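The values are calculated or read from the model by the stated rules, or taken from the named source; none is laboratory data. Not measured: the values here are computed from a predicted model. Cβ sites come from the backbone with ideal geometry, for glycine too, and all protein chains shown count toward neighbours. Note: areas computed on protein heavy atoms with side chains; ligands, DNA, RNA excluded. Shrake-Rupley method; radii C 1.70, N 1.55, O 1.52, S 1.80 Å.
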Amino acid sequence: MDLDLRKLRYFAAVAEHRHFGRAAEQLYIAQPVLSRQIRAFEQELGYTLFERTTRSVELTAAGAQLHKEAERILAAVAAAVQRVRDADRGVQRLVVAFSPGLHVSDAIKAFMSRHPDVETDVVPARWWEQDAPLRDGRAHVGYLRRPFDDSGLHTVPIGREPKVACVPAAHLLACRQELTAADLDGERMLDVPRRRTSSLEEKFELIASGHGIALVPLSVARSYSRPDLVHLPVTDAPQVETCLAVAADRREKPLRDFLRIATATLRGD
């Protein structure tokens, strides 16, 4: 069966909003049209993708898996279209993926000053699949935070950063200056594999509302500062390694130059 990309985009919008009306507004189509397209898509696939009630729309197990696949497929298609457009225009482009909280702008500016003819762009790397943009063609190089699947990738160590405990401002531990791992015994942790949140915003919202606490890299805590949360050093928590990563078989000169410039810039050499 050939996968209909238009219907896949429709499905992804409903999966994101969990609401046919809001998805239809995003897609600029009528809600009845969207409903018919989703039913047709389910018939073509042979699986039910949504559990529909009068009050909610939820993904089935098949729908949840397709949602993960759809994000990758649609992103890869968009990246492929961009590459075709660049080829037609004779444009060289370098796309940098970056993990949440990591700032790559100084490296990009240093690279652009030496390669003004190369267009640059960035794409966020989701924390649970940081290597995905390098594998599906969305990015040429990544500034990432371990752990991630580095098979088939060439990595360049950049540095290390500590983890901090993110707790609600009203939590009993919030008045402490620092913590140890033992202080967190018995606390409900919002970390893999107990509960994987789809975004850092969701994680911090859950923490603020009392659903648990989390250990996060210091750069993430600084990037998502909010008054109802407190970030406390955990003195004996292992530090997190940051690195540049690129597919091992990539040899383009602009990419090699970026790795050299970014390594020096990000390390502060």
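Consider the range 212-265 and keep the residues that are small (Gly, Ala, Ser) and in a loop (DSSP other than H, G, I, E, B). The one that is most open to solvent (accessible area, probe 1.4 Å) is Ser225. Residue check: Ala174 meets all listed conditions (1) outside any strand (DSSP E or B); (2) open to solvent by 50 Å² or more (accessible area, probe 1.4 Å) but one, namely (2). Within the range 190-205, not a single residue is in contact (Cβ under 8 Å) with a residue 12 or more places away in the chain, open to solvent by less than 50 Å² (accessible area, probe 1.4 Å), in a strand (DSSP E or B) and touching a helix residue (DSSP H, G or I) at 6+ places or on another chain (Cβ under 9 Å). Counted as qualifying within the range 23-127 are the strands (runs of 3 or more DSSP E) with 2 or more residues that are open to solvent by less than 40 Å² (accessible area, probe 1.4 Å) and modelled with pLDDT of 90 or more, namely 92-98, 118-124. Summed over the range 1-22, the residues that are over 13 Å from Gly63 (Cα atoms) and part of a loop (DSSP other than H, G, I, E, B) give a count of 5. Scanning the range 237-253 for residues that are touching a residue at least 12 places away in the same chain (Cβ under 8 Å) and among the basic types (Lys, Arg) turns up just one, Arg250. Being closer than 14 Å to Arg250 by Cβ and of a type outside the set (D, E, K, R) holds for only one residue in Val141, Val118, and it is Val141. Taking the criterion of being more than 14 Å from Pro100 (Cβ to Cβ) and either of a type in the set (Phe, Trp, Tyr) or surrounded by fewer than 15 Cβ atoms within 10 Å (Cβ to Cβ) (or both), the only residue of the range 128-147 that qualifies is Pro147.
In this structure, Asp150 does not satisfy being among the acidic types (Asp, Glu) and open to solvent by 70 Å² or more (accessible area, probe 1.4 Å).
Quick check: anything in the range 130-141 among the β-branched types (Val, Ile, Thr), over 26 Å from His154 (Cβ atoms) and in contact (Cβ under 8 Å) with a residue 12 or more places away in the chain? Within the range 130-141, none of the residues are among the β-branched types (Val, Ile, Thr), over 26 Å from His154 (Cβ atoms) and in contact (Cβ under 8 Å) with a residue 12 or more places away in the chain. Of the numbered criteria (1) closer than 18 Å to Leu5 by Cβ; (2) in contact with a Phe, Trp or Tyr (Cβ under 9 Å, 6 or more places away or on another chain); (3) in contact (Cβ under 8 Å) with a residue 12 or more places away in the chain; (4) among the charged types (D, E, K, R), the one Glu42 fails is (3).
The C-beta contact set for the range 161-183 (first residue of a type in the set (S, T, N, Q), second residue surrounded by fewer than 16 Cβ atoms within 10 Å (Cβ to Cβ) and part of a loop (DSSP other than H, G, I, E, B), distance under 9 angstrom, 6+ apart or interchain) comprises Thr180/Thr235; Thr180/Asp236. The set of residues from the range 235-263 being farther than 18 Å from Lys109 by Cβ and not charged (D, E, K, R) comprises Thr235, Ala237, Pro238, Gln239, Val240, Thr242, Cys243, Ala245, Val246, Ala247, Ala248. Condition first: over 28 Å from Glu201 (Cα atoms) and among the charged types (D, E, K, R). Can you find one or more residues in the range 135-156 that meet it? No, because not a single residue in the range 135-156 is over 28 Å from Glu201 (Cα atoms) and among the charged types (D, E, K, R).
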